[in-house]
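Have a look at the structure below, then the notes.
The values are calculated or read from the model by the stated rules, or taken from the named source; none is laboratory data. These numbers were taken from a predicted model, which means no experiment stands behind them. Methodologically, a virtual Cβ is constructed for each residue, glycine included, from the backbone with ideal geometry; neighbour enumeration extends over all protein chains shown. Ligands, DNA and RNA are excluded from the accessible area calculation, which covers all protein heavy atoms including side chains. Shrake-Rupley method; radii C 1.70, N 1.55, O 1.52, S 1.80 Å.
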Amino acid sequence: MHGIIIFAAIIFFLWIARSILIPILVAGFLWYLMNAISDYYRRALPYKTPSDKHSKIWSIIFDWTSYIGTLATVCIIIYLFATQIRPMFSELFNALPAIQDRLTQLGTYLSDSVGLHFDANIIPNITKIAANIGASVAGIATSFGMVLVYLIFMFVEQSTFNKKFTAMFPAKRQSKKFRYILDSIDTNMKKYLFVKTAISAITGVASFIWLQLIGVEFAGVWAFIVFITSYIPTIGAIVACSLPILYSLLSAPTLHQPILTAVGLISLQILFGNIIEPKLTGKTLNLSTLAILINLVVWGMIWGIAGMFFSVPLLVGIYIICAQFDSTRWIAILLSADGQSPDKDEE
C-alpha cells in the first residue's frame with residue numbers, strides 16, 4: 001500500500017510539474033543528441049592523439065571542429081524547417097476544410113455503396129484535431145526560450161560533471177557502481193539517439209523523394225511528419241503512413257496514387273524501421289514491444305505528445321538502472337524482450 005501511494009504521488013508530481021519538467025527534458029534531449037552527433041564527428045575526423053606537447057592544442061582544435069560541425073547540422077535543420085516545411089504546414093492547414101468535405105463525400109459514397117445510413121457526425125473533425133495538435137506543439141515552442149537557457153548551461157557546465165560525480169560518491173565501491181550505471185545509460189542512449197535520428201532523417205528524405213515522384217501534394221509536410229513520428233514507437237509509423245495515404249485517397253482522382261503512396265511509405269518503414277535500424281542498434285533496445293506500448297500510453301497520458309516522444313529514452317534509462325540492483329532486477333527482466341537484462345556491475 002505504501003508503494004502504491006508513493007507511485008501515485010510521483011505520477012501526480014510529474015503531471016502537475018509538466019510545464020517545468022518538459023522544457024528541461026527537451027533541453028536534455030537536445031544536449032544529448034548534439035553530444036552524440038559531436039562524438040560521431042570526432043570518430044569521422046582523421047585525428048590521432050599525438051604524443052608531443054602540442055597534443056592538448058590539437059585535441060582542443062578537433063573538439064571545437066566537431067562542435068562547429070554539430071552546430072552547423074542543427075542550424076541547417078532549423079533553416080530547412082523555417083524556409084521549406086513551415087510554409088507548407090500553413091498551406092495544408094488552409095486546405096483542411098476542403099479535405100473535410102471530401103472525407104464526408106467519401107463516407108457518403110461508401111455508405112450508399114453498402115446501403116447503410118451515414119451520419120456525418122461520426123467523421124472526426126480533422127481541422128479541430130489539427131488545431132489541438134498545433135496548440136500542443138505551440139505550447140512546447142513557447143517555452144523555447146527556457147529550453148535554450150537550460151541547453152546553454154548544460155553545455156557550459158558539462159565539463160564539471162565528472163568532478164561533481166566524484167564529490168557525490170567518494171567511496172570507491174559506490175563510485176564504481178554508479179559510474180557503471182551512468183556509462184551504460186550514456187553509451188546506449190547516445191547510440192540510440194544518433195542512430196534513431198539518422199534513420200528517421202533518411203526515412204523522411206526517402207519519403208519526400210517518393211511522394212514528389214508520384215505527385216502527392218505537401219510532400220515536405222508528410223516527410224517532416226515521418227521524421228518526427230519515427231521517435232514514437234509503433235504508433236508513429238502508423239501515423240506517418242496513414243496521414244499521406246488518407247490525403248492522397250481524398251485528393252487523387254483515381255486509386256493509382258493512393259496505392260503507390262501506401263506501397264512506398266510502408267515499404268520504407270519496413271526497410272528502415274524493421275530491418276536496418278535493429279541491425280545498427282543491435283541489442284541496445286532489448287525491450288518488450290508490450291512494455292514499449294504501455295510506456296507510450298502512460299507517458300502520453302502524463303505529458304501528452306511530449307511524453308510519447310520521449311517515452312523510449314525514458315524507458316531505456318529505467319531499464320538499465322533497474323538491472324543494476326537486485327531489488328529491481330525483476331523489473332528489467334519484465335521490460336526485456338527475451339528475458340535477458342543488461343549486464344550488471346558485479347563490483
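Label-to-label distance, K172 versus A9, with points set 7 angstrom from Cα along the beta-carbon direction: 3.8 nm.
Accessible area per residue, 1.4 Å probe, Å², for the range 273-330: what's the number? Kindly include the intermediate steps, with their values, before the conclusion.
On the way: 2780 Å² over 58 residues.
That works out to 48 Å² per residue.
Computed with every protein chain present, the accessible area of D338 is close to 90 Å² [probe 1.4 Å].
Share of the range 233-334's accessible area from carbon and sulfur, percent, 1.4 Å?
C and S atoms contribute 77 percent here.
Can you compute the modelled spin-label distance between R86 and W330, with each label point 7 Å from Cα toward Cβ, in nm? Roughly 5.2 nm, to one decimal. Summarising the label geometry, the points placed 7 Å from Cα in the beta-carbon direction at S159 and N274 lie 4.9 nm from one another.
Sorting E277, E217, E157 by accessible area (1.4 Å probe), largest first, what list results?
In descending accessible area the options line up as E217, E157, E277.
Straightening the chain between N94 and R179 buys 25.4 nm, computed as 0.36 nm per residue apart minus the Cα-Cα spacing. Amide H contacts of L287 (H built 1.01 Å from N, in plane; Pro and chain starts excluded): A337 sit under 5 Å, all sequence-distant by 5 or more or on other chains.
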